[in-house]
Amino acid sequence: MSKEVRVGLIGYRFMGRAHANAYRQVNAFFDPPLRPRLKLVCGRNETAVREFASRFGWEEQTTNWKEVISRPDIDLVDISASNDVHAEIAIEAAKTGKAIFCEKPLARDLKEALTMFRVVQEAEVTHMVCFNYRFFPAIRLAKRLIKEGAIGRIRQFRAIYLQDWLVDPTFPLHWRMRREKAGSGALGDTAVHIVDLARFLVGEIAEVTGLLETFIKERPLPDRPGLANVTVDDAATFLVRFAGGAIGVFETTRVAPGRRNFMHLEVNGEKGTLYWNAEAMNTLWCYTEEGPPHCQGFRRI
């Protein structure tokens, strides 16, 4: 029989719901060596977190995240709260020897991220950031083909990740639009995913140059009349050079009308090309120079 891993979830809104649902479903589809036990969920609003616990089957709830850290019957701390508390929670959790599962972006800035990384390394605890796209079967196949040399040495990588949930200028100011809470806008919210996929498929990035833009500079306050400044980016575009010599182009935005969650990747090598789109997540397109010239073309896998 599989062992249990007793989960303490901090944060119960959008990503908390996604994580809670995954914990509930995983045993029905897979046979994990450690089966999650939904032990304790934490949120600021007592009524809301109690309703969440009841809906998703958590045994207990609390409004104090330090209880999750201190309790000996919690093995894994899942940090799905806002970005401004990631560092404090992760550092304290590591000191108690608990495994840490942290939503992206890991931190608001480089200093916070490096501190978190140093502490978990020193504590020798299991730690992970939630970059789910690299586990899609088509992406795993792309990784295998690149490693096997199917498209030769990589020359170019390009990626776009487009959303439209902030197109409406009357959409109220959210914590994701405040630098002190989020650290960044589209750059940290969506670009991190395509950067992770680039590192997974091509390798580490050695140089980068880019620009940020905030198109809607003021938004309505959520709890009272008036406007407030948006202090993060709506869009980011950047160029990179990988350590292995390839070059890359990245674009991300949260204000592209009609693009709900559009992600597209392409990898060009000396002998072929791979491309993938998240809206057809189980399809990988592959072109290689093998075979007679009149029969060459992209293969849909």
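A few points about this structure:
- Heavy-atom surface of the stretch 1-88, accessible at 1.4 Å and reported per residue (Å²): 55 Å²
- Solvent-accessible area, 1.4 Å probe, carbon plus sulfur percent, for the stretch 1-94: 50 percent
- Amide H within-cut-off set for Lys39, under 5 Å, with H built and near neighbours excluded: Val7, Glu59
- Correct option for Cα Rg over 2.2 N^0.38 Å [calculated from the coordinates] among (1) 0.92; (2) 1.10; (3) 1.16: (2)
- Rolling a 1.4 Å probe across the protein heavy atoms gives the stretch 242-301 an accessible surface of 56 Å² per residue.
- Separation between Cα centres of the stretch 89-144 and the stretch 190-223, rounded to whole Å: 18 Å
- Distant-in-sequence amide contacts of Ile247, defined by a placed amide H-H separation under 5 Å and a gap of 5 or more residues or a different chain, comprise Gln156, Phe157, Phe242.
- For the stretch 231-301: rounded, prolate or oblate by the Cα gyration tensor [a/c cutoff 1.5]: oblate
- Cross-link reach list, lysines versus Lys143, counting only Cα pairs under 17 Å and skipping chain neighbours closer than eight places: Lys271
- Exceeding the 32 Å Cα-Cα cut-off - candidates Lys147/Lys181; Lys98/Lys147; Lys95/Lys147; Lys95/Lys181; Lys39/Lys181; Lys66/Lys111: Lys147/Lys181; Lys98/Lys147; Lys95/Lys147
The values are calculated or read from the model by the stated rules, or taken from the named source; none is laboratory data. Given the structure is predicted, the values throughout are model-derived calculations rather than measurements. We work out accessible area using only protein heavy atoms, side chains counted, and drop any ligands, DNA or RNA first. Shrake-Rupley method; radii C 1.70, N 1.55, O 1.52, S 1.80 Å.
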